[in-house]
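Right, one structure below, let's go through it.
Bear in mind that the values in this text are calculations on the coordinates, not laboratory data. Remember, predicted model here, so these are calculated numbers, not experimental data. Glycine also receives a Cβ, built like all others from the backbone with ideal geometry; neighbour counts cover every protein chain displayed.
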Amino acid sequence: MKVSCMQENLTKGLSIVSRAVASRSTLPVLGNILIATDQGRLKLAATNLELAVTCWIGAKIEQDGATTLPARVLSDFINSLPPGQIEMDLNIKTQTMHLKCARYDANIKGIDAQEFPIIPTSSDGKKISVESSTLREMIEQVVFAAATDESRPVLTGVVVKADQDKVTFASADGFRLSVRTATLSAPVAEPVGVIVPAKALQEVARVSGDQDDPVEIAVTETKSQVMFKLTNTEIVSQLIEGQFPDFTRIIPDSHATRTVLTTSELQNAVKASSVFAREAMNTVRLQVAPANEMGGGKVTITATSAESGDNVSDVDATVDGDAVEIAFNARYLADVLNVVRASQVALETTGSSSPGVVKIVGRDDFVHVIMPMHIGK
């Protein structure tokens, strides 16, 4: 194997695949990155057997070949090199790669590429095509609500459903639910329903940052794996087995009060209250007051700590319905406000013991449900 490529391209490629390298494994080769020639380009790949990332970069190929090199040693060395051309020459007998860039030389010992797990690169299964910008927004608006506790594996994933020209992403951790829908440019041939690990979707969002073309999502016939195909990158993830709860039953179908607020003002008030809330079970109270003779509607946000003190913030609001007092976990409220990406949000409530629903004003493609916290008298 004898190839050359630009340091900038190799650095970017290694950063894309390195997240899939196994940090601790009984198989040493899983700590390596596969480097192989592939139809005039250089292929880089890494896997921890649950997630696999492959990307292709431009290169000048003088002699085909493949090997695997230790991920950390390779990445750290390449990152330390100056911009310019890197020449790589593999000694097949010793599996040692000689690298040369400007006045830098190195020999890195690797493991035979034949020991590297086979990563699927195409699928004949069910396919969905989603605009890259839409997909990134959908992922951002649901992954944060997925559970991190492994006691219920299905809740650590995001349920992905596609039917006709509609695709839905949903996640829940038992305290909150986030649902985002989008319209597909091309309808799916038959309905699709799988649970994708939240971590895999985070990787898709990360590597698709500069992608303009649609992302193709394909589920294998066995429904055991899902593939995300980007322009020069492919991400393959194991799917989570099990039955995701029927999230449509969690979303309230009515409300007694609808409160419209400026997102940034509510964010600032929640941020201020969270300083005191973190010592009080992270509880913030929202007192919603409709407009009256004294003035317009408002929401008063308070947090009280027995040790540190308390804080009160007022936010102007348009209130349609009855006055209500409800308490939420400050972090959960802050999390959803960070992803709505809109100037105004609506909070729909029924009572102090019923879930609160956050929606984006002027859009019907996002719903977030937060369970209330108990208000002590």
Exercise. Of Ile370, Ser208, Phe175, which is farthest along the charge dipole of the chain in the positive direction, counting Lys and Arg as +1 and Asp and Glu as -1 at C-beta?
Worked result: Ser208
For this session: Could you list Ile61, Ile301, Ile92 in order of exposure, starting from the residue whose Cβ has the fewest other Cβ atoms within 10 Å?
Result: Ile92, Ile61, Ile301
Problem set entry | 3J(HN,Hα) from dihedral phi, the range 352-363, Karplus parametrisation 6.51/-1.76/1.60, rounded to Hz, x for glycine, proline | 5, 10, 9, x, x, 10, 9, 10, 8, 5, x, 9
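For the range 68-139, what class follows from the C-alpha gyration tensor (a ≥ b ≥ c being the square roots of its eigenvalues): rounded when a/c is under 1.5, otherwise prolate if a/b is larger than b/c, else oblate?
Values: a/c = 3.36, a/b = 1.68, b/c = 2.00.
Oblate, since a/c reaches 1.5 and b/c is not below a/b.
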Exercise. Over all distinct Cα pairs, what is the inverse of the mean 1/r for the chain, reported as the Kirkwood hydrodynamic radius in Å?
Worked result: 23.4
Seminar exercise, completed: Projected onto the charge dipole of the chain (unit charges on the beta-carbon of Lys, Arg, Asp and Glu, signs +1, +1, -1, -1), the Cα from Ala272, Gln164, Leu184 with the largest positive-side position is that of Ala272
For this session: Kindly write out, for the range 170-182 in residue order, the coupling ³J(HN,Hα) from the Karplus curve 6.51 cos²θ - 1.76 cosθ + 1.60 (θ = phi - 60°), rounded to whole Hz, with x marking Gly and Pro.
Result: 8, 9, 7, 10, x, 10, 8, 9, 10, 10, 10, 10, 8
Seminar exercise, completed: Cα-only Rg/Rh for the range 16-128 with Kirkwood Rh rounds to 0.97
Seminar exercise, completed: Here, Arg278 and Ser224, labelled 7 Å along Cα→Cβ, have an inter-label distance in nm of 4.5
For this session: Between the alpha-carbon centers of the range 139-156 and the range 280-315, tell me the distance in whole angstrom.
Result: 30
For this session: Evaluate Rg over Rh across the range 252-370, taking Cα atoms for both radii and Kirkwood's formula for Rh.
Result: 0.95
Problem set entry | Label zone at Ala189, where the point sits 7 Å out along the Cα-to-Cβ direction: the range 220-249 residues whose backbone N lies under 19 Å | 220-229
For this session: Mind giving me the nanometre distance, one decimal, between the label points for Ala306 and Arg363, set 7 Å out from Cα along Cα→Cβ?
Result: 4.2
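Tell me, in nm to one decimal, what length is gained between Glu150 and Asn91 on full extension, where the rule is 0.36 nm per residue of separation less the Cα-Cα distance?
Details: separation 59, 0.36 × 59 = 21.24 nm, distance 4.38 nm.
Additional length available on full extension: 16.9 nm.
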For this session: Could you pull out every residue, at least 5 positions away or on a different chain, whose amide H is within less than 5 Å of the one on Ile251? Hs are placed 1.01 Å off N in the peptide plane, and Pro or chain starts have none.
Result: none
Seminar exercise, completed: One computes Rg over Rh for the range 126-248 from alpha-carbon atoms, with the Kirkwood Rh, and obtains 0.93
Exercise. In whole Å, how far is the Cα centre of the range 1-62 from that of the range 229-279?
Worked result: 34
Problem set entry | Inter-site label distance for Lys271 and Asp335 at 7 Å from Cα along Cβ, in nm | 1.9
Problem set entry | Choice from Thr349, Thr300, Thr54 with maximal GNM fluctuation in the chain (Cα, 10 Å cutoff) | Thr300
